[in-house]
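Working notes, beginning with the structure itself.
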Amino acid sequence: MSHLEVRDLSFSYGKLLVLDGVSFDIEEGEIFGVAGPNGAGKTTLFNVITGFGHGRGSISFEGSSVARLSPNALCRRGLARTFQTPQPFSSMSVLDNVKVGAYFGGRDEGAAGDALEFVGLSGKKDDLVDGLNLYDKKMALIATALATKPRLLLLDEPVGGLSPQEVSQTIELFRRINRELGLTVVVIEHVMRVLTALANRLLIVSSGRKVCVGPPQEVCADQDIIDLYLGGGSCGA
Ligand SMILES: Nc1ncnc2c1ncn2[C@@H]1O[C@H](COP(=O)(O)OP(=O)(O)O)[C@@H](O)[C@H]1O
Ligand SMILES: [Mg+2]
């Protein structure tokens, strides 16, 4: 049994078919990367997996079907996600934001404190989120997801806007989330060096379809895939 099994998943916005028969498995404990052009359907895939939209096809998590559940029910089962466009409660403190995550996941305040400590933000717990720099805002949002105490964490383009050094620190944090907390991690990213550094397998999506799944070395060895789906740059850039 895989940790997450997606079978023949399709989703439309009105007449626009955005996911078209996507199937893949994610194994427990792996870091699984998702890449592909803008508009490929990556965020929509996360939305459907986490209950923010219901598609056709099947999704099973830890052996049970979860395709019709609400975001809150999915969160309480152990699935958490971050958003490509973050919307924190800016006028609330860091700790209060993270507590919202804990409560959404059915956890207590202790989970919020643990999560803040894990991302290194305990010293700013009473700051308003509004006053944080971009890196700390991102850490606060990752802590909010961790405070739900998930077993599988989905991250949607988590490093956008960060400096190269902050990107490296974030890569290290995701490794610790995977190794020390034992979470399965799924990460959408267009910064390919993040995926090649972290992921043991990559899913390439284009126009709502699966192009391929494989280890980064394999995917990045295929010049056609790089040219057609990864913007033509090098996989390490
Ligand atoms: N709320 C929405 N209503 C209508 N179309 C949408 C909506 N959100 C996304 N789309 C469309 O769905 C397609 C996939 O978008 P998205 O999943 O955000 O792609 P990606 O994350 O890979 O860039 C795009 O064509 C986008 O314009
Ligand atoms: Mg997206």
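Restricting to segment 151-165, and then to whatever is open to solvent by 10 Å² or more (accessible area, probe 1.4 Å) and closer than 19 Å to ILE26 by Cα, can you tell me which residue is farthest from ligand 1 (Cβ to nearest atom)?
Among those residues, the one meeting the criterion is ARG151.
Applying the selection to segment 21-72, what residues are among the small types (Gly, Ala, Ser) and crowded, with 16+ Cβ neighbours inside 10 Å?
GLY33, ALA35, GLY36, ALA40, GLY41, GLY51, GLY53, GLY55, GLY57, SER60, ALA67 - these are the residues of segment 21-72 that are among the small types (Gly, Ala, Ser) and crowded, with 16+ Cβ neighbours inside 10 Å.
Yes/no per residue for (1) under 20 Å from CYS75 (Cβ atoms); (2) in contact with a strand residue (DSSP E or B) (Cβ under 9 Å, 6 or more places away or on another chain); (3) in a loop (DSSP other than H, G, I, E, B):
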| residue | (1), (2), (3) |
| --- | --- |
| GLY110 | yes, no, no |
| GLY113 | yes, no, no |
| PHE118 | yes, no, no |
| GLY123 | no, no, no |
| ASP130 | no, no, no |
| TYR135 | no, no, no |
| LYS138 | yes, no, no |
| ILE142 | yes, yes, no |
| ALA145 | yes, yes, no |
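Only residues that are among the aliphatic types (A, V, I, L, M), within 22 Å of ASP20 (Cβ to Cβ) and away from ligand 2 (no atom under 16 Å from the Cβ): list them for segment 33-69, please. Reasoning before the result, please.
Keep residues of segment 33-69 that are among the aliphatic types (A, V, I, L, M), which gives 34-35, 40, 45, 48-49, 59, 66-67, 69.
Subsequent filtering for residues that are within 22 Å of ASP20 (Cβ to Cβ) retains 34-35, 40, 45, 48-49, 59, 66-67.
Result: ILE59, VAL66, ALA67.
Between a residue in segment 70-86 that is within 16 Å of ligand 2 (Cβ to nearest atom) and any residue that is aromatic (Phe, Trp, Tyr), which pairs come within a Cβ distance under 8 Å, given they are 6 or more apart or on different chains?
ARG81/PHE46
Under 20 Å from the mean Cα position of the chain (by Cα) and within 24 Å of MET1 (Cα to Cα): which single residue out of LEU116, LEU74 fits that description? Walk me through it before giving the result.
Values: LEU116 fails: within 24 Å of MET1 (Cα to Cα).
Checking each option against the conditions leaves just LEU74.
State the number of residues belonging to segment 109-124 that are over 21 Å from PRO158 (Cβ atoms) and surrounded by 13 or more Cβ atoms within 10 Å (Cβ to Cβ).
Counting residues in segment 109-124 that are over 21 Å from PRO158 (Cβ atoms) and surrounded by 13 or more Cβ atoms within 10 Å (Cβ to Cβ) gives 2.
Would you check if there is a residue in segment 130-139 being more than 26 Å from GLN165 (Cβ to Cβ) and in contact (Cβ under 8 Å) with a residue 24 or more places away in the chain?
No, there is no match, as no residue in segment 130-139 is more than 26 Å from GLN165 (Cβ to Cβ) and in contact (Cβ under 8 Å) with a residue 24 or more places away in the chain.
Could you pull out the residue among PHE89, PHE83 that is at pLDDT below 95, open to solvent by 40 Å² or more (accessible area, probe 1.4 Å), away from ligand 1 (no atom under 16 Å from the Cβ) and aromatic (Phe, Trp, Tyr)?
PHE89
The values are calculated or read from the model by the stated rules, or taken from the named source; none is laboratory data. All values reported here derive from a predicted model rather than from experimental measurement. Every residue, glycine as well, gets a Cβ built from its backbone with ideal geometry; the counts of neighbours run over all protein chains shown. Protein only, heavy atoms only, side chains kept; ligands, DNA and RNA dropped before computing areas. Shrake-Rupley method; radii C 1.70, N 1.55, O 1.52, S 1.80 Å.
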